[in-house]
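A short write-up of the structure that comes next.
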Amino acid sequence: MIKQAIIPLAGLGTRLLPLTSIFAKELLPMNGKPGIQYILDECIEAGIKEVIFIISNKKKIIKKYFYNDSFFKKIIKKKKDKRLIEEYKKIKKYKKMIKFVYQNKPLGTGDAVYKTKSKIKNDFFLMLLPDDLIIKKNCSKAMISIHKKKKCSVMASMNVPRKTVNRWGIYMKEKNINKKNFYIKDVVEKPNVNDAPSNYAVIGRYILPKKIFYILKNQKKGKGGEIHITDAIRTLIQQNNKFIGHNFEGKYLDCGTMHGYIKSSLEIAKS
Ligand code: G1P
């Protein structure tokens, strides 16, 4: 059963400067709603009961957003604004399910995941990268349903233009299960165009096994001097753990770059 999700939120968001110089990118509004709430709603709809936020001291503003009760209570008492009461109810609902752990040095996604080690209860858990929004169809829900059938790890996949492969983790396929799903033979973090095993990219939704913590414990730095979750996954695949790539149906929105953020906001407004 997948009941816990983790969300790495300690990234500095330099690609969104100057918006992120004093603000967390995950709180930036997308059509009037902070990006992180789209991710939380995806989790709730997929049956997740607990979400672990990996933040840093520099990004405490994220915690504050969910813990500003006395402020809301004061205003609601004075104004009795219906809209605000509804929004505050939502925030309280999110707050109940969120736990926080800290990653104060930006050592990479693999290191961020490792910080949640003592909190994970079941054999598998979900990870969502907040830069990747997927709208119109719940990707996490679809992946959880595949996991239930196949009892193994599942990762989101999307076909990308060949010339952009060095921006993503890239899959090598083993064999197709059906049109939407395939077994993964290998995965490489941000390969050069000439070395890329395919143009199927890793998108930020992962169902990972708890045993990945044993690998992460000794995981060496990889590309760009960071500890990559992709490298730990690669080791697990080499050790014969099954991983499925899922070509999701929803629409992918990149919120991690300034161009992507602006485009994604417009796209959500239209939908
Ligand atoms: C991360 C992962 C990469 C994946 C991407 C999806 O990269 O390391 O494998 O393809 O997310 O968005 P980042 O965006 O942190 O550079």
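The values are calculated or read from the model by the stated rules, or taken from the named source; none is laboratory data. Computed from a predicted model, the values in this text were never measured in an experiment. Counting neighbours? That spans all protein chains shown, and the Cβs are built from the backbone with ideal geometry, glycine included.
Observations, loosely collected:
- Residue within the stretch 187-209 that is of a type in the set (Gly, Ala, Ser), over 19 Å from Ala112 (Cα atoms) and free of Cβ contacts under 8 Å to residues at least 12 places away in the same chain present: no
- Against the conditions (1) within 16 Å of the ligand (Cβ to nearest atom); (2) of a type in the set (Asp, Glu); (3) modelled with pLDDT under 95, Asp131 satisfies every one except (3).
- The stretch 25-57, residues that are assigned to a helix (DSSP H, G or I), of a type in the set (D, E, K, R) and surrounded by 13 or more Cβ atoms within 10 Å (Cβ to Cβ): Lys25, Glu26, Asp41, Glu42
- Candidates Ser140, Ser118, Ser70 - the one that is free of Cβ contacts under 8 Å to residues at least 40 places away in the same chain and closer than 14 Å to Ile6 by Cα: Ser118
- In the stretch 240-271, residue surrounded by the most Cβ atoms within 10 Å (Cβ to Cβ) [restricted to those that are of a type in the set (A, V, I, L, M, F, W, C) and assigned to a loop (DSSP other than H, G, I, E, B)]: Cys255
- Of residues in the stretch 198-239 being within 12 Å of the ligand (Cβ to nearest atom) and basic (Lys, Arg), the one surrounded by the most Cβ atoms within 10 Å (Cβ to Cβ): Arg205
- Scan the stretch 163-195 for residues that are surrounded by 11 or more Cβ atoms within 10 Å (Cβ to Cβ) and either more than 14 Å from the ligand (Cβ to nearest atom) or more than 25 Å from Asn241 (Cβ to Cβ) (or both) and the total you get is 13.
- Candidate set from the stretch 68-106 (those that are within 16 Å of the ligand (Cβ to nearest atom) and surrounded by fewer than 17 Cβ atoms within 10 Å (Cβ to Cβ)); member that is nearest to the chain's Cα centre (by Cα): Pro106
- So Lys151, is it away from the ligand (no atom under 15 Å from the Cβ) and farther than 29 Å from Ala24 by Cβ: yes
- Every condition in (1) of a type in the set (S, T, N, Q); (2) farther than 24 Å from Gly260 by Cβ; (3) within 15 Å of the ligand (Cβ to nearest atom) is met by Thr116 except one, and the failing one is (3).
- Scanning the stretch 58-67 for residues that are surrounded by 14 or more Cβ atoms within 10 Å (Cβ to Cβ) and hydrophobic (A, V, I, L, M, F, W, C), we see that the one that is farthest from Thr109 (Cα to Cα) is Phe66.
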